[in-house]
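For reference, the structure discussed in these notes is given below.
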Amino acid sequence: MILRNGSEAIKVKGTITNLFSYTYRIKFEGKIIETNNYPLRNLLGEYDVDAGSFNGKVYIYKSKGENLVGQVVKELTTKMVEMDELNLELVNLREIGSEFVQDGNLSYRGLSLLNREGWIIELTQNNDYKTVYEELKEYGGFACTHKVKVYRKDSRNFNYDEVLSILEHLYSYLAFICGRRIYPSSYKGTKNGNSVFIRYESRLIDQWSTPNTWYPKIDKEIYEDLFVEFCSIWEDLSWKQSKNVLLGTYIECFSKATLENRITSIQIALEMIARIYLVDYKGELSNKKFKDLYTKDRIRTTCSYMGILLGESEQYLRRNTRDFSDAIDFFVDVRNSIVHSKRKIDLSHNNIKYAYYIGLWFLELWFLKIFKYQGKFKNRLSDSKWEGDVENGGCYYLVPWRN
């Protein structure tokens, strides 16, 4: 391998490893075997790297004599070329795949199909998925769970840059379903069946966990209509600049952050969505009228325009507390009591927990409304936590605007 920094070039013999440990990273280890006639110095820092047919960037964070240790930043890739199919392996995607797969003599339910702007995406759950998921549930960590195939509907060739936009939408969509960051460990492009392109990317992939998101997991649906609307919304100029903040806030709702921090983030996201939805996207209010509203009124007004009735959240509050009945007042007052020294509500563990569930209920329903979703969702305010349809006593409800 050759490391380059300006006019400096260092020839190194070593290894680059696609490594899954506590976190995912692409590790670099090597020993200097040749330099371009300059004395060894502080070698820490970023270098361009050429490794056979691969090139990328590597950051050296440790050096001892001629030995170097670092990690690949961004990507390690072969030359950009035309291909007719891109294959990748997704890490830690939950059990998704409602169509049947025929793999030799084995038949199982594990295929999902997405169609967007001329691109076809096939997600296939690995045929050893039962063993994989049992081990993930037992030990956590990382595993390749799905193979993905991407190609043009009209069979035309393409390069990686052309397919990147649809891939980024796919990763965001899967994170919205799973409550975790979902990415692949590798990419392989083929043309007429021959391998022509290989790429590894340094991405923040979350270890296995099973957060209770809105997703009703029994049917294992990919929800193609929801994916299409999901992509369309984030390409809309009203929403585009806020995508990372809003989706990041949703994923943070299932992180190890304290409930107090999550509640604060949820209110920020709700206010951001309310302004964009009411002012920019729907044009229901002028910017001045929106600014004149208090936070509680902004949430209440947004629910009204979205067709989300508040009776269910108020019933949830009455079931669990004796002193409160208005869910919006309760949520905002808990949040204000967290961030201000003057408390309106006692910050007991139960009050914080109830406020968190109410705020997350608003956030998930608002997202699903914006994405024009018409199916079932996991209602976290349900009296029963059993994962089945509400008609059978479970917590899977149809979205309220569907009724």
Among (1) of a type outside the set (D, E, K, R); (2) open to solvent by less than 90 Å² (accessible area, probe 1.4 Å); (3) over 30 Å from R156 (Cα atoms), where does Y61 come up short? (2)
In the stretch 357-381, the residues that are open to solvent by 20 Å² or more (accessible area, probe 1.4 Å) and either farther than 25 Å from V228 by Cβ or more than 24 Å from the chain's Cα centre (by Cα) (or both): Y357, R380
Going by what's in this entry, would V163 be described as under 30 Å from I16 (Cβ atoms), of a type in the set (V, I, T) and surrounded by 15 or more Cβ atoms within 10 Å (Cβ to Cβ)? yes
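Restricting attention to the stretch 241-264, and to residues there that are of a type in the set (S, T, N, Q) and over 17 Å from the mean Cα position of the chain (by Cα), which single residue is nearest to P211 (Cα to Cα)?
Initially, the stretch 241-264 is screened for residues of a type in the set (S, T, N, Q), giving 241-242, 244, 249, 255, 258, 261, 264.
Now restrict to residues that are over 17 Å from the mean Cα position of the chain (by Cα): 258, 261, 264.
Numbers: T258: 15, N261: 17, T264: 19 Å.
Restricting to residues being of a type in the set (S, T, N, Q) and over 17 Å from the mean Cα position of the chain (by Cα), the top hit is T258.
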Quick check on my filter: what residues within the stretch 181-196 are part of a loop (DSSP other than H, G, I, E, B) and open to solvent by 10 Å² or more (accessible area, probe 1.4 Å)? R181, Y183, N192, G193
Filter the stretch 189-232 for residues that are within 18 Å of L398 (Cα to Cα) and hydroxyl-bearing (S, T, Y); which is farthest from the chain's Cα centre (by Cα)? Y223
Over the stretch 266-289, the set of residues without any contact (Cβ under 8 Å) to a residue 60 or more places away in the chain, part of a helix (DSSP H, G or I) and either buried (at least 21 other Cβ atoms within 10 Å of the Cβ) or at positive phi (or both) is A274, L278
Read through the list (1) of a type outside the set (V, I, T); (2) touching a His at 6+ places or on another chain (Cβ under 6 Å); (3) free of Cβ contacts under 8 Å to residues at least 40 places away in the same chain, then give the number of the only condition that Y129 fails. (2)
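So how many residues does the stretch 331-373 have that are in a helix (DSSP H, G or I) and either farther than 18 Å from Y305 by Cα or modelled with pLDDT under 95 (or both)? Let's see the steps before the verdict.
Restricting attention to the stretch 331-373, the residues satisfying the condition of being in a helix (DSSP H, G or I) are 331-339, 349-370.
From the residues that got through so far, the ones that are either farther than 18 Å from Y305 by Cα or modelled with pLDDT under 95 (or both) too are 331-339, 349-358, 360.
So the answer is 20.
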In the stretch 227-248, anything part of a helix (DSSP H, G or I) and within 14 Å of I273 (Cα to Cα) is listed as I233, W234, L237, S238, W239, K240, K243, N244, V245, L246, L247, G248
Output the number of the condition that I251 fails; it satisfies all remaining conditions of (1) farther than 30 Å from L114 by Cβ; (2) part of a helix (DSSP H, G or I); (3) of a type in the set (A, V, I, L, M). (1)
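The values are calculated or read from the model by the stated rules, or taken from the named source; none is laboratory data. As the structure is a computational prediction, the values presented were derived from the model and not from experiment. We place every Cβ from the backbone using ideal geometry, glycine too, and count neighbours over all the protein chains shown. Please note that ligands, DNA and RNA were not included when accessible areas were found on the heavy atoms of the full protein model with its side chains. Shrake-Rupley method; radii C 1.70, N 1.55, O 1.52, S 1.80 Å.
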